[in-house]
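Below you'll find the structure, written out as structure tokens, and then a few comments.
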Amino acid sequence: MQGAMGGLMFAVLGLAAPALWGLVMATLAIVPVLGTFVVWLPAAAFLALDGRWGRALILAVWGGVAVVGGLLLFGPSGAILGPVVLAVTDALLDVWRRRTAGGRAAETGIAAA
């Protein structure tokens with residue numbers, strides 16, 4: 001939802017490639033700690049540096065509302081547990097990649113290497 005809203009806002013504000021940035025924001029919205037601000041904050045700074053203060057303010061307010069909405073949806077526990085879930089998932093995927101490296105079946109494991 002944040003990605004779609006972000007892409008739409010980028011289009012309304014006349015920023016380049018709103019569909020691409022919407023997709024990037026949608027992807028980052030599921031990453032704890034990073035989130036969509038990694039895209040909209042530099043875009044707001046760009047607008048401000050370009051002298052388009054009104055558009056920069058609109059984007060900054062929109063981004064702030066989206067962040068607060070995410071915190072309201074997932075709560076403080078989501079801000080704490082989200083990075084933990086991400087780290088565990090990353091570790092499990094790393095184990096899976098190592099076990100299946102070189103075309104081996106996952107069941108053979110690292111010991112067979």
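Please treat every number below as a calculation from the coordinates, not as lab data. As the structure is a prediction and not an experimental result, all values here were calculated from the model. Positions of Cβ are generated from backbone atoms using ideal geometry, with glycine treated the same way; all protein chains shown enter the neighbour counts.
Observations on the model:
- Contour minus Cα-Cα distance for D50 and T27 (0.36 nm per residue): 5.6 nm
- Label-point gap, in nm, between V61 and V88 - each point 7 angstrom along Cα→Cβ: 4.0
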